[in-house]
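Report on one structure; see the data block that follows.
The values are calculated or read from the model by the stated rules, or taken from the named source; none is laboratory data. The shown structure was predicted, so the numbers you read here are calculated from the model rather than taken from an experiment. Positions of Cβ are backbone-derived with ideal geometry, glycine not excepted, and every protein chain shown enters the neighbour counts. Only protein heavy atoms, including side chains, enter the accessible area calculation; ligands, DNA and RNA are left aside. Shrake-Rupley method; radii C 1.70, N 1.55, O 1.52, S 1.80 Å.
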Amino acid sequence: MIGGLFIYNHKGEVLISRVYRDDIGEAGLKAEQPIISRSVPKPVSCLKRNAVDAFRVNVIHARQQVRSPVTNIARTSFFHVKRSNIWLAAVTKQNVNATMVFEFLYKMCDVMSAYFGKISEENVKNNFVLIYELLDEILDFGYPQNSETGALKTFITQQGIKSQVPTKEEQSQITSQVTGQIGWRREGIKYRRNELFLDVLESVNLLMSPQGQVLSAHVSGRVVMKSYLSGMPECKFGMNDKIVIDKQGKGGGSEEAAKSGKQSIAIDDCTFHQCVRLSKFDSERSISFIPPDGDYELMRYRTTKDIILPFRVIPLVREVGRTKLEVKVVIKSNFKSSLLAQKIEVRIPTPLNTSGVQLICMKGKAKYKASENAIVWKIKRMAGMKESQISAEIELLPTNDKKKWARPPISMNFEVPFAPSGLKVRYLKVFEPKLNYSDHDVIKWVRYIGRSGIYETRC
Amino acid sequence: MCDFPFFSLVCTGEIFELKAELNSDKKEKKKEAVKKVIASMTVGKDVSALFPDVVNCMQTDNLELKKLVYLYLMNYAKSQPDMAIMAVNTFVKDCEDPNPLIRALAVRTMGCIRVDKITEYLCEPLRKCLKDEDPYVRKTAAVCVAKLHDINAQLVEDQGFLDTLKDLISDSNPMVVANAVAALSEIAESHPNSNLLDLNPQTINKLLTALNECTEWGQIFILDCLANYTPRDDRESQSICERVTPRLSHANSAVVLSAVKVLMKFMEMLPKDLDYYGTLLKKLAPPLVTLLSAEPELQYVALRNINLIVQRRPEILKHEMKVFFVKYNDPIYVKLEKLDIMIRLASQANIAQVLAELKEYATEVDVDFVRKAVRAIGRCAIKVEQSAERCVSTLLDLIQTKVNYVVQEAIVVIKDIFRKYPNKYESVIATLCENLDSLDEPEARAAMIWIVGEYAERIDNADELLESFLEGFHDESTQVQLQLLTAIVKLFLKKPTETQELVQQVLSLATQDSDNPDLRDRGYIYWRLLSTDPVAAKEVVLAEKPLISEETDLIEPTLLEELICHIGTLASVYHKPPSAFVEGSRGVQHKRLPGSAGSGESADSPDTGSAAGVSEAPPAVIPSQGDLLGDLLNLDLTPPTTSGPPPAPSSGMQMGAMDLLGGGLDSLVGLLHRTDTPQSPQLSHQSPSPPDYSPTEVGPGDHAGPVKARSPAMGAGFGAPPTAMPASFPPPVSGGLDDLFDLGGSVGMPMGAYSPPKSIWLPAMKAKGLEISGTFARRAGVIQMEMTLTNKAMSIMTDFAIQFNRNSFGLAPAGPLQVLTPVGPNQSIEVALPLSTVGPVMKMEPLTNLQVAVKNNIDVFYFSSQYPISMLFVEDGKMERQVFLATWKDIPNDNEAQFQIKDCHLNSDAASSKLQGSNVFTIAKRTVEGQDMLYQSMKLTNGIWVLAELRVQAGNPNYTVTCISKERCVHQGSSYRSNMLEF
């Protein structure tokens, strides 16, 4: 299992170091590493410091780009993830479950963000006691334990340990929640207004050939919820999943099913928050759960069929001699004209030896950004079924570089108020038999946002 | 205490200040001071001097302060064990605290204080906590047992904690169960043989119940533990699979991959015709694809695992090619892995798409990635024949870009394409030659030289080209040198007139000026070949090369099976068995896939045989170097025995004296010929048989093999030629030799083929005084009829001739009967008649009956004899493991014959090596309940394959043999029996 966990800043200085097992950082590492840091003190902590330094020297300060997120140095394995300038590294000498270690590191980031916001050097330094406390709780001898923020917040807070003298009931409530079957929700939550916010967030990914052929396209979507519900409500979520609707269609043969069948979508795969009863989904394909309190991600899904591609990019690149390029890009919006897309940005890469660019665009603003080697064209809003165009003349410095310019793809960013996969929420029912509110009393909000993921057109 | 004066100054000042604050009366100040201490500790300053002061703060009811002090303790207790004891009392007291959070904290921290002295104080509190009423305390205590075991394993066993831990598996709280499982799994790993985690259907059921209820991490522990279980039968296997599949929809990728591991493993047990098997296969694809939309680090782990899964069960993802297309912004490690999988999934159906993508990638920026993309194009050409033409033209386009590394990479792969499709794409050679000057990497140079040598007759200036390489001969890498030597010899054999000088030059460079034994030896062999018999040399050097395999970089199957058992773990990321990177006893045990349904029956067993075959020969797939390494680590290789003759000739070689060498060889030949079959196992060491030398397997990496790997092949090669040489290189042998020289590969030439003792075929009474006794033998790949002709008449016999009647296997004399001198009265003469198998065929009864007519100056005599079928077994009768398995299954049961061989006192290994001498090749070996099962294949001269299963039970002299073949040949029995009786 995980032998130790370190957090570094971008310089490679250790901000947090927690060692769970002695095996990490023994002889092998010592031999390999010369004296690196003067601050390495006495034999006391020298065992772990070897591992700490090995990672700094071989990964953070490495000359070349990191070629793998898993590094093996002297029979010790280092897993790392990076969040802005901060490195998180887990160290082990055993054959651990690698997927679990990475999942844990991400979870660790989530938990930290939930407690103190952005993971930055300053925040980590200011909250180091809290981080140690969290690490003590969520990782025991290298084994991840309950890491749900909802549960953790009941007994680890930024103001120190919450209730200094908790009553016996409270204590057992805490422990049973941390270890219990519904570890993500505590009992006795009360709201005056029971409210639910449901966001369907999709990112649509596209790779298109210059000729307009779709090489690959998929939507990865998330259903994100904010629930403010009293008690221990039982929820049931329904959407226009093809399998469910076909099944109903067969059973009832009603007109309604046939009608909605048209709009159903084929979901390639989906994964759920741990509150969802997976065995029930497996057998009946129904999504039922007791929701955590506050924000959480209920499910993720992926679809590849019948995707609405909100924009089409048509590139035209012409090389005029050796020192000039003419680029024309047309974008077409392909959705209902009553809807508006926002935050549209088209990024057209330019060769490294670009000396000057002249731009003409019909709509929005375009700029050549030399530092990014790209023309960035921004349009604030654009309605459906419209098209717009930019043309650019790129002047090139003559070079003797034999290698041709690789022509990176043209990428696009946007936001549209619908789900490109065609997903529709059919219902979200709330049952709380013990308290006296019914499904009708809950105020529910649903919103669809489609964003661009990696939306590229080769040119 | 500090190493640097400056530091110590600062330390002392700071420490003094902290000390004062720690001893302050005010709680807040104390807490702040401890915080400062921890902060210093984190950045690596030594604050161990404050130990007593910090420990004094432990007695507090402020939980936060307590936690901080504990943190300090965990860090420094080990360096100050005596003082750590001071803390024990507080721990013991805390373990009795009414607040479960504090009880758990105490037991958790105590386990982390890794001081031996403390452990004994830990036992009592731990025992209480394991039975605590609060699940939070119990789950913490469960992990604590693992901690304690790590410090003092004996103590844990003596105190009976392991039993308590086992009881916790039945706990009502799922998290307690999960932690207990995790702790037990870890402890069990360091006791490979103990039956600690004794998994039985009841416990499995408990685990599966807990699986639905516990946290995501707990689910991972349980799934990883489940993967170690081997279900009793396919029904149990299916029911577990059914309960595990819902986990595939979990948001946590680790849960998904661990579930995939369990399913992949248990699927082995399911019969393939089961509906559920197909359903399961379909269910596996979507979650695997979904893993690719996770964060890049997880994608990387997932891709490494998918690479394994695709090798084991390609059908799962065969339609999902598109998701592996590389995105421009993918991190490089993800790109490289995706590319690997794309090649594995490439097939005729999707090749157009794949090629278009690969071409795109070849223009990217990252050098490694571009190289791999170019190489991938070549691999597609080799894998999908229909696409070869397109691939070649794509490669040519890329060569036109003149980007140095692209050109070099393209040339390396084009060489392989030439190997795969000989005489098809040679028109591109001209383009390749244009780029000769830009090649600066050994592999590319070697590939180019190979091409020039191989197609010397079509390149007008081949001699000039090669000569230009020769100038800097000594600066080249060994790979290039060896290649250059071979290429020039080829050139010489093709155009002897104008290249004499060149070949002499290279031979002297290789033999006289080089320190590399490999190069020198190869040089001498060519030299000797060319000087003694140019015709033979031609046959050896220019022999037809075996085709290269379609799939490259495949992981060796035994290793692959082990890695499948480690899906999701580091082993699957590194593609190495855990023993290769984990120290100590942990992870040393090799995991195996379970046998398929009804493993007692023969149908599927070769599959499992491969799993159990540790001592077995690695199969014919060529592992890449890296994998080979893992493989070597895996196999307990006995040091290659080079006993017997080989050292002698090779030392002769090194002395460079031709005559001596010749003499040595001749005497050896004599020696070998005198040696009779019963001693053959000893001699068979010389043949470079794959089981002993896995390095020789480096094979058709075509000259790319490491030097070390080649040496044994060469050494062994010396042993082999003597048998073949006197016969002036019969074709099959020269093929083998060429392999040795040219490829460093190996073709076994077993010499100890069984031949029955001579018997009288034609008594003198029936043939006017001519008595013929004889036998059949297979020597060096040639079937021979060995006869003794005795003249028992009064007059001289001359003009011998022989003819065969049509027979089952088309045996016919390959030449006239060589009786040159007349045979006088009471004189006998030994004669060996080589036989071919291309004569007219007619089925005989019994099958191996041969009717012969012998003529001499007196009359024509007829007789019939029976030959042992074993002499019809050809040398290349070793079937590939997969093919074997498939064939075995294809053959209907009624083509099966079973019989017993009595009174054999050999163990299975000896039997196997003995049979190998008769070209009966052992493909796999498996041990079931003390019974060794050998799976063997042999091929008859007419191309019929015969598969056999040989069961050997220790202590029982009777063997059971089951033979099957596509054609019914019941006669198999007799041959086997005769082979065995020989023992």
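Side notes on the structure shown:
- Scan of segment B:154-165 for residues that are in contact with a helix residue (DSSP H, G or I) (Cβ under 7 Å, 6 or more places away or on another chain) and farther than 23 Å from residue A:183 by Cβ, ordered by number: B:155, B:156, B:159, B:161, B:162, B:164
- Taken over segment B:774-792, the criterion of being of a type outside the set (D, E, K, R), more than 49 Å from the chain's Cα centre (by Cα) and open to solvent by 20 Å² or more (accessible area, probe 1.4 Å) is satisfied by B:790 alone.
- Qualifying residue in segment B:264-280 (condition: within 7 Å of chain A (Cβ to nearest Cβ) and among the charged types (D, E, K, R)): no
Yes/no per residue for (1) touching a residue at least 60 places away in the same chain (Cβ under 8 Å); (2) outside any helix (DSSP H, G or I):
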residue	(1), (2)
B:482	yes, no
B:490	no, no
B:493	no, no
B:497	no, yes
B:505	no, no
B:510	no, no
B:525	yes, no
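- Given (1) more than 9 Å from every other protein chain (Cβ to nearest Cβ); (2) at pLDDT below 80; (3) not in a helix (DSSP H, G or I), index of the condition residue A:181 fails: (1)
- Residue in segment A:416-429 that is touching a helix residue (DSSP H, G or I) at 6+ places or on another chain (Cβ under 7 Å) and part of a strand (DSSP E or B) present: yes
- For residue B:164, the stated conditions do not hold, so it cannot be described as within 14 Å of another protein chain (Cβ to nearest Cβ), among the hydroxyl-bearing types (Ser, Thr, Tyr) and within 29 Å of residue A:170 (Cα to Cα).
- Matching residues, segment B:923-950, being part of a strand (DSSP E or B) and hydrophobic (A, V, I, L, M, F, W, C): B:923, B:924, B:928, B:933, B:934, B:938, B:940, B:945, B:946, B:947, B:948, B:950
- Condition met for residue B:510 (closer than 21 Å to residue B:468 by Cα and either open to solvent by less than 10 Å² (accessible area, probe 1.4 Å) or more than 30 Å from the chain's Cα centre (by Cα) (or both)): yes
The rows are residues; the columns are (1) surrounded by fewer than 22 Cβ atoms within 10 Å (Cβ to Cβ); (2) of a type in the set (Val, Ile, Thr).
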residue	(1), (2)
B:348	yes, no
B:355	yes, no
B:363	yes, yes
B:377	no, yes
B:400	yes, no
B:405	yes, no
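- Residues that are of a type in the set (A, V, I, L, M) and not in a loop (DSSP other than H, G, I, E, B) within segment B:186-224 comprise B:187, B:188, B:204, B:207, B:208, B:210, B:211, B:220, B:222, B:223, listed in sequence order.
- Which numbered condition residue B:111 misses (of (1) open to solvent by less than 10 Å² (accessible area, probe 1.4 Å); (2) at pLDDT below 90; (3) more than 10 Å from chain A (Cβ to nearest Cβ)): (3)
- If you go through segment A:6-22 and keep only what is out of contact with any strand residue (DSSP E or B) (no Cβ under 7 Å at 6 or more places or on another chain) and more than 8 Å from chain B (Cβ to nearest Cβ), you end up with A:10, A:11, A:12.
- Within segment B:815-844, the set of residues being in a strand (DSSP E or B), of a type outside the set (Ser, Thr, Tyr) and surrounded by 13 or more Cβ atoms within 10 Å (Cβ to Cβ) comprises B:823, B:829, B:831, B:832, B:833, B:834, B:835, B:841.
- When residue A:394 is tested against (1) under 35 Å from the mean Cα position of the chain (by Cα); (2) open to solvent by less than 30 Å² (accessible area, probe 1.4 Å); (3) in contact (Cβ under 8 Å) with a residue 60 or more places away in the chain, just one condition goes unmet, and that condition is (1).
- As for segment A:118-132, it holds no residue that is under 18 Å from residue A:183 (Cβ atoms), assigned to a helix (DSSP H, G or I), open to solvent by less than 10 Å² (accessible area, probe 1.4 Å) and not small (Gly, Ala, Ser).
- Scanning segment A:260-287 for residues that are at pLDDT 85 or above and more than 13 Å from every other protein chain (Cβ to nearest Cβ) yields A:264, A:265.
- Residue A:438 vs. criteria among the small types (Gly, Ala, Ser), in contact (Cβ under 8 Å) with a residue 24 or more places away in the chain and not assigned by the TED database to the domain that holds residue A:327: no
- Yes/no for residue B:35 being at negative phi, part of a helix (DSSP H, G or I), at the interface with chain A (Cβ under 8 Å from one of its Cβ atoms) and surrounded by fewer than 20 Cβ atoms within 10 Å (Cβ to Cβ): yes
- Being at pLDDT 75 or above, surrounded by fewer than 18 Cβ atoms within 10 Å (Cβ to Cβ), part of a helix (DSSP H, G or I) and in the same structural domain as residue B:960 (by the TED database) is a property that does not hold for residue B:910.
- Contacts under 6 angstrom Cβ, first residue in segment A:91-110 being at the interface with chain B (Cβ under 8 Å from one of its Cβ atoms), partner assigned to a strand (DSSP E or B) and hydroxyl-bearing (Ser, Thr, Tyr), 6 or more apart: A:92/A:77; A:93/A:76; A:95/B:569; A:97/B:569; A:98/B:569
- Output for segment A:410-431, where each listed residue is open to solvent by 20 Å² or more (accessible area, probe 1.4 Å) and either in contact with a Leu (Cβ under 8 Å, 6 or more places away or on another chain) or among the basic types (Lys, Arg) (or both): A:417, A:418, A:424, A:425, A:426, A:429
- Restricted to segment B:330-342, and to residues there that are open to solvent by less than 10 Å² (accessible area, probe 1.4 Å) and away from chain A (no Cβ under 11 Å), the residue that is nearest to residue A:205 (Cα to Cα) is B:338.
- None of B:83, B:58 is in contact with a Leu (Cβ under 9 Å, 6 or more places away or on another chain), of a type in the set (A, V, I, L, M) and more than 7 Å from chain A (Cβ to nearest Cβ) except B:58.
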